[in-house]
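Single-structure report; data block below.
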């Protein structure tokens, strides 16, 4: 889950075989418009996207990792929370 853009994250995640939730750039006539598809994935939107895609009750344990204050809502979803590699909870 990232507020960064799909332009470089999609190939990287695909090469690792992992899923991705991120800010997606809109295109028109094969050109980037400078706008986002479905908005910027930051702050509470990160947590909202995760909750809309996954039933968190189905998981025995949830781990989240963040590196900016924008990650606090996402971190709050987890049993174990890490900020800049330091365990918070």
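Just so it is clear, none of the values below were taken in a lab; they were calculated from the coordinates. Since we're looking at a predicted model, the values are computed, not measured. Counting neighbours? That spans all protein chains shown, and the Cβs are built from the backbone with ideal geometry, glycine included.
Below, the figures for the structure above:
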item	result
Residues being surrounded by 11 or more Cβ atoms within 10 Å (Cβ to Cβ), outside any strand (DSSP E or B) and in contact with a strand residue (DSSP E or B) (Cβ under 7 Å, 6 or more places away or on another chain) - total across the stretch 28-45	3
The stretch 8-22 residues that are in contact (Cβ under 8 Å) with a residue 12 or more places away in the chain, paired with ones that are assigned to a strand (DSSP E or B) and surrounded by 15 or more Cβ atoms within 10 Å (Cβ to Cβ) (beta carbon under 7 Å, 6 or more apart)	9/2; 9/22; 22/2; 22/5
Selection count, the stretch 49-81, where residues are closer than 21 Å to residue 24 by Cβ, part of a helix (DSSP H, G or I) and either touching a residue at least 24 places away in the same chain (Cβ under 8 Å) or in contact with a strand residue (DSSP E or B) (Cβ under 9 Å, 6 or more places away or on another chain) (or both)	8
Unique residue being surrounded by 12 or more Cβ atoms within 10 Å (Cβ to Cβ) and farther than 19 Å from residue 65 by Cα when the list is 9, 20, 25	25
